[in-house]
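Data block below; observations after.
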Amino acid sequence: PVVVFDRMIGVLGLHRAEPRAWADSDISVAEAVAHEIGLAVHAAALLEENERRLGEQGALLKAAQVVTSELELKAVLQRLVDEVAELLRAEAVDCYLLDTERGVLRCAAVHGLTEEMLGFEFPADRGLAGRAIRRGRSALADDYAQVPEAVPHPAYEGFRSAVVAPMRWSGEVKGVLGVGTRDTGRRLTHAEADLLETFANLAALAL
């Protein structure tokens, strides 16, 4: 077995064309090699995780610079959705602002969706966005089609995985930031949902 900190992550198999018994020394060598493989895999995973986090921090820094360098709200929100799309490798990103008096979310910026979406409104308690607002945290769906009361717009038809994060500032929700994909082989993760929350808070700062 290939074991890392008492957790088996795989096996190392040795095979011969002719059947005969393995010597104890052969088994010891195989076990030693399996142990080294486990250490190498663990080290590679740590390096990959570190590289990913550095990439995220760089993207967040870039987004923060966007917030402080733009004065026009529309430009800030558009650049934020563009940054989110690049970081999360998402085919679609949208930003909705919350109108508390009317109880609706209004589309303010999109990436990978038709610009006809801009200005589109829907009730703030619907779909994944409504769930994110109620819980004050990001909401993730592996099968977007199964989300109750999904957003009533044809642009969202066919989406497979999606995550929406509330834009919060001083305890108030200002809107939501959403990411989605139609790729059936792609599943957005909780780590990506947490990262989206950070971006959403930057958007709230811009507001």
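Whenever a residue of region 139-152 is charged (D, E, K, R), its partners that are open to solvent by 20 Å² or more (accessible area, probe 1.4 Å), lying with C-beta atoms within less than 9 angstrom and at least six residues away or across chains, give the pairs ASP142/ARG160; ASP142/ARG187; ASP143/ARG160; GLU149/PRO123; GLU149/ASP125; GLU149/ARG126.
In this structure, is ALA155 part of a strand (DSSP E or B) and either open to solvent by less than 20 Å² (accessible area, probe 1.4 Å) or within 14 Å of VAL104 (Cα to Cα) (or both)? It is false that ALA155 is part of a strand (DSSP E or B) and either open to solvent by less than 20 Å² (accessible area, probe 1.4 Å) or within 14 Å of VAL104 (Cα to Cα) (or both). For first residues located in region 164-183 and more than 15 Å from PHE120 (Cβ to Cβ) and at pLDDT below 90, partners that are of a type in the set (S, T, N, Q) and surrounded by fewer than 21 Cβ atoms within 10 Å (Cβ to Cβ) and lie 6+ apart or on another chain with Cβ distances below 8 Å form the pairs ARG168/ASN201; TRP169/ASN201. Looking across region 187-207 at every residue that is modelled with pLDDT of 85 or more and part of a loop (DSSP other than H, G, I, E, B), the one that is most open to solvent (accessible area, probe 1.4 Å) is identified as ARG187.
Within region 33-46, can one find any residue that is open to solvent by less than 100 Å² (accessible area, probe 1.4 Å), free of Cβ contacts under 8 Å to residues at least 40 places away in the same chain and not in a helix (DSSP H, G or I)? No, the conditions are met nowhere in region 33-46.
The values are calculated or read from the model by the stated rules, or taken from the named source; none is laboratory data. Computed from a prediction, not measured in an experiment: that's the story for all the values here. Here Cβ is always computed from backbone atoms with ideal geometry, including for glycine, and neighbour counts include all displayed protein chains. Side chains included, ligands, DNA and RNA excluded: accessible areas come from the protein's heavy atoms. Shrake-Rupley method; radii C 1.70, N 1.55, O 1.52, S 1.80 Å.
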